[in-house]
Amino acid sequence: MKVTMPIFKQRIETVLKMVESERLEALVVFSSGSSIGFASTTHGYLRYLCDWDPLNRFAALILIPGREPTLLVPARSPQLFAKEILWFNDIRAVPVLEFGNEIASILKPILRSKDKVGYIGQDETPFKVYDTIIHGLIGIDLVDARHLIDPLRMIKDKGAIDLHRRAAKICDDMFEAFEHILKTEKAKAGYKIQADIEHVARYAGCEYASTFFSIGPVVDRPRYYLKECNRNPAPGDQYLLSLFIMYQGHWGHAIRTGTVGPPSLEQRSVFDVVAQMHEAALAQVAPGNKVSDIWKASERVACRHYPNYIGKDWYRLKAGHGLGLDYSDPVLSNIFPNPYSKQKDLSKSGNPASAEDEILVQTGMLFELHPNLFVPEKAAAALGDMVLVNEKGHEILNRFSSKMMIV
């Protein structure tokens, strides 16, 4: 189960045709590695084009029409490995802070004043590297070229879907392991439970695996750090467990909510609202609907049950995002607003629509939908699933029960 090299070659050929059509002389793709997980917004571009993972460092791919690709890696050992698995030969070991000089030296001979070069990854490029490129290519215009690849990444092909299915299955296995641990080893600190769960993913072949595990009488926020995850589960606690994994570059993600012992009325009430939010969002996941209607449907449910919560200082996660070779895959993720930067009161009319709000749901799109509520001093709940759009509507890739987990 993998994406084969002929597919990567075809992807690069397709992108190079677009490079030429936009009158760009070259395309530079700068990428971070899988080790920073959901913090990266550039990792997916390099995985999409040639399946290279810089791990805990960086890499840069230089594409010039009519030439074979050039890949810059930061040391000799990744260079040797890249030469074993990639189909092109120009793979150079260059210290990261020298990437700028190397990129400029490759491009300068083919460029003239006022030529344009596409660039992807500026947000994660070290300042010294980007500044060196600018000063090494005086008179050359570096232009953001994400738009060349983003639309291609929105629709998953069969190979990608198969890998996301595998990632979803691994998430299911992690939840099963978690449920077993809580039933048999309650006297175990939260961070140790996280370590056991994450081991399931790494043992299954995931490049990246992390979790947030929040537990207490009232869950107030996601908790990641060891020092805030040292509580032992106790009767009356509720918990939220979120899984973040990457399998052969393809993300898996899911969230479940549960209690230690029977839930309180407040814990049950908040969970039931979130379950309704989830159902409302799923009802909009069908070809031809607007992507923006997915999160709006979920938000309307929240507003109906908590009409005055907009503007209050409640912790909130996004209601969802695109999922793919990056945790927040391009374009689709932008349609789901961050509650801290763009809250809309859907009980009122007149909210202006953006161009992104008009993007339609299409077969082959993959979403992570995770409606959530953190009601201060009451209870919290979150429910997250990988949702694939198909001709009939949608398919939930995660099979583990979405009901409240009670142990």
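Annotations for the structure displayed:
- Share of carbon and sulfur in the accessible heavy-atom surface of the stretch 118-173 [1.4 Å probe, %]: 58 percent
- For the stretch 228-331, carbon and sulfur atoms together expose 50% of the accessible surface, with a 1.4 angstrom probe and every protein chain in place.
- Estimated distance in nm for a label pair at R112 and S77, the labels positioned 7 Å out from Cα along Cα-to-Cβ: 4.6 nm
- Angle in degrees between helix 292-305 and the longest Cα principal axis of the chain, rounded to the nearest 10: 20 degrees
- On Cα atoms only, tilt of 190-203 relative to the major axis of the chain in degrees: 50 degrees
- The residues of the stretch 256-407 expose on average 42 square angstrom of accessible surface per residue, using a 1.4 Å probe on protein heavy atoms.
- Spin-label pair Q362/N101, simplified geometry with 7 Å Cα→Cβ offset, distance in nm: 4.4 nm
- Per principal axis, descending, Cα span of the chain in whole Å: 71, 50, 39
- Label-to-label distance, N232 versus K290, with points set 7 angstrom from Cα along the beta-carbon direction: 5.3 nm.
- What the stretch 129-210 shows is 45 Å² of accessible area per residue, with the surface traced by a 1.4 Å probe over protein heavy atoms.
- Stretched out straight at 0.36 nm per residue, the stretch from I36 to I396 would grow longer than its current Cα-Cα span by 126.9 nm.
- The Kirkwood hydrodynamic radius of the stretch 271-328, based on inverse pair distances between different Cα atoms, is 12.5 Å.
- Using alpha-carbon coordinates, inclination of helix 76-85 to the longest axis of the chain, degrees: 90 degrees
- Accessible surface of the stretch 1-87 [probe 1.4 Å, protein heavy atoms]: carbon and sulfur percent: 53 percent
- Treating r as the C-beta distance of D144 and N89 and R0 as 30 Å, the FRET efficiency rounds to 0.55.
- Between S32 and T42, H43, the built amide H atoms are under 5 Å apart, and every one of these is 5 or more places off in sequence or on another chain.
The values are calculated or read from the model by the stated rules, or taken from the named source; none is laboratory data. What you see is a predicted model, and the numbers here were worked out from it, not measured in a lab. No Cβ is skipped: glycine too gets one built from the backbone with ideal geometry, and neighbour counts run over all protein chains shown. What goes into the accessible areas is simple: the full protein's heavy atoms, side chains included, and nothing from ligands, DNA or RNA. Shrake-Rupley method; radii C 1.70, N 1.55, O 1.52, S 1.80 Å.
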